[in-house]
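The values are calculated or read from the model by the stated rules, or taken from the named source; none is laboratory data. Everything numeric here is computed off the predicted structure, so don't read it as measured data. Note that we place each Cβ from the backbone using ideal geometry, even for glycine, and neighbour counts take in every protein chain shown. When the accessible area is computed, the model is the full protein with side chains, heavy atoms only, and any ligands, DNA or RNA have been set aside. Shrake-Rupley method; radii C 1.70, N 1.55, O 1.52, S 1.80 Å.
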Amino acid sequence: MPAEPCPPAQETRLLEATPLIRSTFSEAKGYGLSLATTSMGPASLPRWCVWVEPATGDPPDRWQKRWLSAVGAALDTWSGHLPVVRVQDPDRAHVRLRRQRPPRRRTPSGWRASNGRSRLQLVQVRRQGVWRFEPKVWVLVSPELRAPVLQATALHELGHAFGLWGHSPDPGDAMAVHQGQDPVLKLSERDLETLQWLRSQNASFGVPERSETQN
């Protein structure tokens, strides 16, 4: 019988709430040198389990339908280039997407609003009796956006969630810090080159640490 791809978490221990550090890579593909990493290497997994906040109400209102459609399209785009499994239980997920406007953030020039935000934590998780180190990511995508902007925001924030913790200087890339006039709804060659390079780097995430019988 094949192993369950996204088993539920039996126990979770928080290791670092703000784990990102400056990369020490001397060379990289795409915009890899602009990405942050962690003390355990890039926050990347061989396979990602993703939970998307479901609609409330039956039937859901049109705003929820629009949010789910845009987020689903962005997730499908990433799923074409790395293993992603959608789950119905957030305890099975590495990435959790919420339908919520991010709180404003204080900057040197004042308070700043944003369309989306991703927050990374490093955790130690026991699943099926086996401990692993994992990235745990919360993604907030505001529902109060035009559909194309909503989809572009979800695409960008999911890029962070899947390990691209940084930005491209090119406005044509999904991970651009400032996109052009038209929302970017697909991954560029530089986005894909950077993703492939990132996933080729050594990291300790997702590797079995010890079984329950070894405690």
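Residues that are open to solvent by 30 Å² or more (accessible area, probe 1.4 Å) and either hydroxyl-bearing (Ser, Thr, Tyr) or touching a Phe, Trp or Tyr at 6+ places or on another chain (Cβ under 7 Å) (or both) within the stretch 180-201 comprise 190, 200, listed in sequence order. In this structure, residue 173 does not satisfy being over 14 Å from the mean Cα position of the chain (by Cα), surrounded by 16 or more Cβ atoms within 10 Å (Cβ to Cβ) and in a helix (DSSP H, G or I). Within the stretch 1-24, the set of residues being part of a loop (DSSP other than H, G, I, E, B) and surrounded by 14 or more Cβ atoms within 10 Å (Cβ to Cβ) comprises 6, 7, 8, 9, 10, 19, 20, 23. Each residue in the stretch 82-113 was checked for being open to solvent by 90 Å² or more (accessible area, probe 1.4 Å) and either in contact with a helix residue (DSSP H, G or I) (Cβ under 9 Å, 6 or more places away or on another chain) or closer than 25 Å to residue 7 by Cβ (or both), and 2 of them qualify.
Answer yes if at least one residue in the stretch 33-40 is touching a helix residue (DSSP H, G or I) at 6+ places or on another chain (Cβ under 6 Å) and either in contact (Cβ under 8 Å) with a residue 60 or more places away in the chain or open to solvent by 10 Å² or more (accessible area, probe 1.4 Å) (or both), and no otherwise. So far as the stretch 33-40 goes, no, none of its residues is touching a helix residue (DSSP H, G or I) at 6+ places or on another chain (Cβ under 6 Å) and either in contact (Cβ under 8 Å) with a residue 60 or more places away in the chain or open to solvent by 10 Å² or more (accessible area, probe 1.4 Å) (or both). Scanning the stretch 126-150 for residues that are in contact with a Phe, Trp or Tyr (Cβ under 7 Å, 6 or more places away or on another chain) and within 28 Å of residue 207 (Cα to Cα) returns 133, 134, 135. Residues in the stretch 134-150 that are farther than 17 Å from residue 21 by Cα, within 18 Å of the chain's Cα centre (by Cα) and open to solvent by 40 Å² or more (accessible area, probe 1.4 Å): 138 only. Among all residues of the stretch 35-51, there is none that is among the small types (Gly, Ala, Ser) and more than 21 Å from the chain's Cα centre (by Cα).
Restricting attention to the stretch 16-43, the residues that are out of contact with any Pro (no Cβ under 6 Å at 6 or more places or on another chain) and closer than 26 Å to residue 150 by Cβ add up to 6. Whenever a residue of the stretch 1-27 is closer than 24 Å to residue 88 by Cβ, its partners that are open to solvent by 70 Å² or more (accessible area, probe 1.4 Å) and acidic (Asp, Glu), lying with C-beta atoms within less than 6 angstrom and at least six residues away or across chains, give the pairs 8/91; 9/91.
Do we find that residue 120 is in contact with a Pro (Cβ under 9 Å, 6 or more places away or on another chain), open to solvent by less than 30 Å² (accessible area, probe 1.4 Å) and either at pLDDT below 95 or part of a strand (DSSP E or B) (or both) in this structure? In short, yes.
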